[in-house]
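Please read the structure below before turning to the comments.
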Amino acid sequence: MISLWRMLNSTVGKKYLMALSGAGLFLFASGHMIGNLQLFLGPEALNRYAHFLQSLGEILWVIRLGLLGLIVLHIGSALMLTLENKAARPADYSHGKPPFAASLASRTMLGGGVLVALFVVYHLLHYTVCLKAVNFTGIDFAHLTDPETGHHDVYAMVLYGFSVWYVSLFYIVSVGFLCLHLSHGASAMFQSLGLRSHAWWPVISKGAMIWSVILFLGYSVVPGSVLLGYGRSYLENLEKIQSAASTPAEVTSKEAH
Amino acid sequence: MKLESKIPSGPLAQKWDKARFQNKLVNPANKRKYEIIVVGAGLAGASASATLGELGYKVKNFVYHDSPRRAHSIAAQGGINAAKNYQNDGDSVYRLFYDTVKGGDFRAREANVYRLAQVSVNIIDQCAAQGVPFAREYGGLLDNRSFGGAQVSRTFYARGQTGQQLLLGAYSALCKEIASGSVQSFTHHEMLDLVLVDGHAKGVIVRNLLTGAISRHCADAVVLATGGYGNVFNLSTYARNSNATAIWRAYKRGACFANPCYTQIHPTCIPVTGDYQSKLTLMSESLRNDGRIWVPKKKEDCGKHPNDIPEEARDYYLERKYPSFGNLAPRDISSRSAKEVCDEGRGVGESGRGVYLDFADSIQRLGEAKVRERYGNLFDIYHEITNENAYQVPMRIYPAVHYTMGGLWVDYDLMSNIPGLFVLGEANFSDHGANRLGASALMQGLADGYFVLPNTICNYLASVGPGKRPGVEHEAFKEAEDNVRGITQRLLASQGKRTVDSFHKELGHILWEHCGMGRNETDLKKALQLIPALREEFWKNVKVPGEEDNLNQSLERAGRVADFLEVGELLCLDALERAESCGGHFREEHQYPDGEARRDDENFAHVAAWEYQGRDKKPVRHVEPLVYEEVKMTTRSYK
Amino acid sequence: MKVKLKVWRQKDTRSAGEFRLYETPDLNVNMSFLEMLDVVNEQLTLKGEEPIAFDHDCREGICGTCSLVINGKPHGPHRGVATCQTYMRSFQDGDIIIVEPWRARPFPVVKDLVVTRQALDKIMQAGGYISVRTGAAPDANSIPISKENADLAMDAAACIGCGACVAACKNASAMLFTAAKVSQLGLLPQGQPERYRRVKRMVEAMDEAGFGACTVTGSCEAVCPKNISLDFIARLNRDYLVASLKGGAKHG
């Protein structure tokens, strides 16, 4: 125990925490992106997936708390290390150039990370908590229901959400930062855990870059295509149903079919 | 004064065993009651400090560097000799001994050299166990190469960084002892005087280079491992800060300085390019294994591009003069031959002081890839410095001061004529005679530090008894401290018009011209007039800016150059008195008709040890005869 | 050629420093950077000013004494080269060259461009050795070591302890320095008995001295005059993890 405690107090140990939590979040980000892409399989698939997740009940909360824990660990170790790092290097060089050979990604881990964290908060309020005030559409996302199943209409929510151009833009920019963060973080975590050798390093570092680009494309294709008009007919249809809902109910259901 | 070498009697091969048996021992419980000061942390100093600490003595180690890992031992590229005979090529302790004695032109002590060859094998074991990454063969065993003209492969090496790796090994052992508290390390501390109490060395006065604070340290014995004095020439392959101050101030306290004229001039250095130059860079001698040395046969060709000079117009002078050794002829011979051809006006390069070291044949024979594999890093260094590509154009090389075989006189126990003062490594005179072989300096430094001193120092310590050292309040410490303060203040007060470096350059120039590779009576006498005059001017006209109570590099240098101005004179005096040619000391009056060095065994088969007599008085030259019981002195021939 | 130097001048550790501008006299392009400073110092001395203090010794790129951040890069413009092996031909006539000391909390400035690097010695003292009593070693050939491992150990051992890795790192991390020693000794059979104890102690000493953490920016590797690889840091991380998981009877 003492040994582990000493380890976690060391700079190297904190990097383990950061790397392990980062690895978890990285996997989550990858899974999440694949989940998102179900948008292109149509409303049925996406809503079924969403319903599956929502019906997990307590397990969903375990997952959520787990993710939250990872985020806390990740940010916590980052903050502690940042304080130590700043203390270790109180003065900068006057030349004004960035540290030699350090990539943009590696130099912006903290700033980028903070932006990503803020984005995550917004993203949760936007789509998970469904806070009406932050989606700028005037629609209450929590009460969108899939006319067929009666479950939460996540498909429609996504389409509505991203139809606001500045929300989409913020999303794409934030995802950009996330992927920049990951392009360094995903390889650095191998380094921090010692999972690197001369032979594998090029594969790891290039793989991290490539996967980050894939993540970026995978994430931004969703708001991008919504802005370009994807799913507009579904929403129009939905609105027709809703406007009909204010008239007698049976008419609405017929029209919907 | 009689110089007692204290060499044990009996057969050569048993002397060291016998000495260790006869030595007095210090009881383990008493060891911690002894304090030992070690000055310097090169190979000898670091290994001695670590080993003494490990044995239980309390050690204080002083270095002027910022860390005990930076001494100039690090710069040795080639390797370290040891009589392991791992190659089964006929090597033995006896052969290493004989080669070293012969290489030293029969001017070293037989018994010391034999001991050196004996412990050489332990050094390799010790260093390998410390984690020194020696080069290995695919089978996992140690690799060897032939080096510096040896006809057997007995040189162990760690890429081009053998000195660095061996020093880091010794430094790591030292680190362990520092951590355990047995050794106290004082970095940025320069020794400025030796303290004698009742004729015994009992302490030092040091200056903290960061704060300027001068402090006294007492001990039961003082060990100097402060390296050679080659920077007296200003331009040399030494580190810029290497200096003679520690041994010189010990000399002025009565320690005899032996054979100061034995200086080694290394044949393969990059030539001087301008008067701003601060340092000469050595290219490893291993280059001579595959490079061919030549100059144009005719003066008129010297200005031509080397590749435009046809084969028949080239003079491969080493191959011509020494057909069996060729380009691998020993250092002194190669150096002198280079000087000769340049004196004849056949030198190459801007200054006319350079010869070609040509790899064209090897590249043709082995292919560029193979040559790159063997010498790539050296070619890179050469390119960095000269901006020339040695794969296409021959390198230009010229000899430069590289090592000093002379140093403080020590007996078989490595103790100087001052009881309690021990001197190790290049700082002493003991093992290399008049010329050192390649890859032997590292061997001697580590032999002295790891194996010899720890076995011999107890002899002295036991004789004085534990707990007898005087405290720093003793009058002698005060006197020495006042002396140090006096020198510092005098330097700072002078406020003249010339910089320290300008004096150093001038001194170096005088020595190189009058007491360099070839020496003669006229030049030496001239130098003996020029140097005192320069010294006088120095004290009147030197300008040392800054203050004494903080880091003041000008002041540090001024003190060192002040000493060099005295060392230089002794060097010339010794060179003048030694009217023979031997090893690194070549007197032009004493040569055979074919230009080979002519030794005079009848009159000079001895060590000359100079004893200080006071300011402006001529030192006294004592003589320790060299008795060869085992080998016969022969004319050293490499033809 | 002539250049202008913007040099950090600082009287001592406690004083505040500032940049001062100096003009060099006419220089030879084959001068080394340090020789250029020598020339400037000669001039300053003759003018009655205090010369610029800077660290140097062997001037052949091996002792690790020289430092200097030249135009924002430790050891100057070239890769795999120390300051003392940097030549004026790497600069242009009329350039303004900024010269600063290493900057890191564990390396306090002593004067002008000189810092102390004793913190690195402390890391070494914590465990950068193999405990072997003088004279107790077995025959050097009794333990074969594969050439690959010996070569790799040599790559790590090439570190000259100059501290450029710390100076370059935005976190002033000494990981490359520490990892090089941990790896060298950890790669050799002789280093095995103390392998895990060593890594733990050295990491602790490194943290205690106030060096920052490695955030894998790669600056250290890029400025290292001996081209020590980041791979060795991964090795340290791996060994430290194993060491911590293994625990130990004493010392954690």
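The values are calculated or read from the model by the stated rules, or taken from the named source; none is laboratory data. These figures come from a predicted structure and were not determined experimentally. Note: ideal-geometry Cβ built from the backbone for every residue, glycine included; neighbour counts use all protein chains shown. Protein only, heavy atoms only, side chains kept; ligands, DNA and RNA dropped before computing areas. Shrake-Rupley method; radii C 1.70, N 1.55, O 1.52, S 1.80 Å.
Numbers below:
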{"item": "Selected residue (criterion: surrounded by the most Cβ atoms within 10 Å (Cβ to Cβ)) from residues of the range A:165-187 that are of a type in the set (Gly, Ala, Ser) and more than 14 Å from chain C (Cβ to nearest Cβ)", "result": "A:SER174"}
{"item": "Which listed residue is away from every other protein chain (no Cβ under 14 Å), touching a residue at least 12 places away in the same chain (Cβ under 8 Å) and open to solvent by 40 Å² or more (accessible area, probe 1.4 Å), from A:LEU68, A:LEU27, A:LEU37, A:LEU56", "result": "A:LEU37"}
{"item": "Selection count where residues are among the small types (Gly, Ala, Ser) and within 14 Å of chain A (Cβ to nearest Cβ), scope the range C:81-104", "result": "1"}
{"item": "Any chance B:SER185 is touching an Asp or Glu at 6+ places or on another chain (Cβ under 8 Å), part of a strand (DSSP E or B) and open to solvent by 30 Å² or more (accessible area, probe 1.4 Å)", "result": "yes"}
{"item": "Among residues of the range C:11-47, those that are assigned to a loop (DSSP other than H, G, I, E, B) and at the interface with chain B (Cβ under 7 Å from one of its Cβ atoms), counted", "result": "4"}
{"item": "Among the residues listed as B:GLY131, B:GLY104, B:GLY40, B:GLY79, the single one being at pLDDT below 95, crowded, with 24+ Cβ neighbours inside 10 Å and out of contact with any strand residue (DSSP E or B) (no Cβ under 6 Å at 6 or more places or on another chain)", "result": "B:GLY104"}
{"item": "Any chance B:PHE21 is assigned to a helix (DSSP H, G or I) and out of contact with any helix residue (DSSP H, G or I) (no Cβ under 9 Å at 6 or more places or on another chain)", "result": "yes"}
{"item": "Exclusive hit being within 8 Å of chain C (Cβ to nearest Cβ), farther than 30 Å from B:TYR34 by Cβ and surrounded by fewer than 24 Cβ atoms within 10 Å (Cβ to Cβ), set B:ARG159, B:ARG145", "result": "B:ARG159"}
{"item": "Helices (runs of 4 or more DSSP H) completely within the range B:332-450 that count 3 or more residues being over 30 Å from B:LEU626 (Cβ atoms) and without any contact (Cβ under 8 Å) to a residue 40 or more places away in the chain", "result": "B:360-366, B:368-386"}
{"item": "From the options B:ALA338, B:ALA329, residue that is within 22 Å of the chain's Cα centre (by Cα), hydrophobic (A, V, I, L, M, F, W, C) and either closer than 16 Å to B:MET395 by Cα or open to solvent by 40 Å² or more (accessible area, probe 1.4 Å) (or both)", "result": "B:ALA338"}
{"item": "Residues satisfying the stated conditions in the range C:118-136, i.e. in a helix (DSSP H, G or I) and touching a Cys at 6+ places or on another chain (Cβ under 6 Å)", "result": "C:MET124, C:GLN125"}
{"item": "Output for the range B:455-495, where each listed residue is of a type in the set (Ser, Thr, Tyr) and open to solvent by 20 Å² or more (accessible area, probe 1.4 Å)", "result": "B:SER463, B:SER494"}
{"item": "Given (1) more than 14 Å from chain C (Cβ to nearest Cβ); (2) outside any loop (DSSP other than H, G, I, E, B), number of the condition B:LYS33 does not satisfy", "result": "(2)"}
{"item": "Filter result for the condition that a residue is of a type in the set (Gly, Ala, Ser), touching a helix residue (DSSP H, G or I) at 6+ places or on another chain (Cβ under 7 Å), within 14 Å of chain A (Cβ to nearest Cβ) and open to solvent by 10 Å² or more (accessible area, probe 1.4 Å), over C:ALA126, C:ALA119", "result": "C:ALA126"}
{"item": "The lone exception for A:TYR230 - which of (1) part of a helix (DSSP H, G or I); (2) among the aromatic types (Phe, Trp, Tyr); (3) over 20 Å from A:PHE28 (Cα atoms) it fails", "result": "(1)"}
{"item": "Enumeration of residues in the range B:513-522 that are surrounded by 20 or more Cβ atoms within 10 Å (Cβ to Cβ) and assigned to a helix (DSSP H, G or I)", "result": "B:HIS514"}
{"item": "Number of the exception - B:GLY583 against (1) of a type outside the set (Lys, Arg); (2) open to solvent by 20 Å² or more (accessible area, probe 1.4 Å); (3) at pLDDT below 95", "result": "(2)"}
{"item": "Residue in the range B:541-557 that is surrounded by fewer than 17 Cβ atoms within 10 Å (Cβ to Cβ) and not acidic (Asp, Glu) present", "result": "yes"}
{"item": "Residues of the range C:133-157 that turn out to be of a type outside the set (D, E, K, R), more than 7 Å from every other protein chain (Cβ to nearest Cβ) and open to solvent by 20 Å² or more (accessible area, probe 1.4 Å), as a count", "result": "5"}
{"item": "The range B:218-231, residues that are among the polar types (S, T, N, Q) and open to solvent by less than 10 Å² (accessible area, probe 1.4 Å)", "result": "B:ASN231"}
{"item": "Flag for B:ALA170 being farther than 30 Å from B:PRO323 by Cβ, at pLDDT below 95 and among the small types (Gly, Ala, Ser)", "result": "no"}
{"item": "Options B:VAL152, B:VAL121: the member that is outside any loop (DSSP other than H, G, I, E, B), over 29 Å from B:ASN243 (Cα atoms) and touching a residue at least 24 places away in the same chain (Cβ under 8 Å)", "result": "B:VAL121"}
{"item": "Count - residues of the range B:270-304 that are assigned to a loop (DSSP other than H, G, I, E, B), without any contact (Cβ under 8 Å) to a residue 40 or more places away in the chain and either more than 14 Å from chain C (Cβ to nearest Cβ) or more than 30 Å from B:ILE74 (Cα to Cα) (or both)", "result": "1"}
{"item": "Selection status of C:ARG79, open to solvent by 10 Å² or more (accessible area, probe 1.4 Å), at pLDDT 95 or above and assigned to a loop (DSSP other than H, G, I, E, B)", "result": "no"}
{"item": "Failed condition for B:TYR612, given (1) open to solvent by less than 50 Å² (accessible area, probe 1.4 Å); (2) within 22 Å of the chain's Cα centre (by Cα); (3) more than 28 Å from C:GLU50 (Cβ to Cβ)", "result": "(1)"}
{"item": "Matching option when the condition is modelled with pLDDT under 95 and buried (at least 24 other Cβ atoms within 10 Å of the Cβ), among C:SER173, C:SER244, C:SER183", "result": "C:SER244"}
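Residues are listed down the side, and each one gets a yes or a no for (1) over 19 Å from A:TRP211 (Cα atoms); (2) at pLDDT below 95; (3) surrounded by 18 or more Cβ atoms within 10 Å (Cβ to Cβ):
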position	(1), (2), (3)
A:TYR122	yes, no, no
A:HIS143	yes, yes, no
A:THR149	yes, yes, no
A:HIS152	yes, yes, yes
A:PHE162	yes, no, yes
A:PHE190	no, no, yes
A:HIS198	yes, yes, no
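Conditions tested, residue by residue: (1) closer than 28 Å to B:LEU366 by Cβ; (2) open to solvent by less than 10 Å² (accessible area, probe 1.4 Å).
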position	(1), (2)
B:PHE233	no, yes
B:ARG240	no, no
B:ALA250	no, yes
B:GLY254	no, no
B:HIS266	yes, yes
B:GLY274	no, no
B:ARG292	yes, no
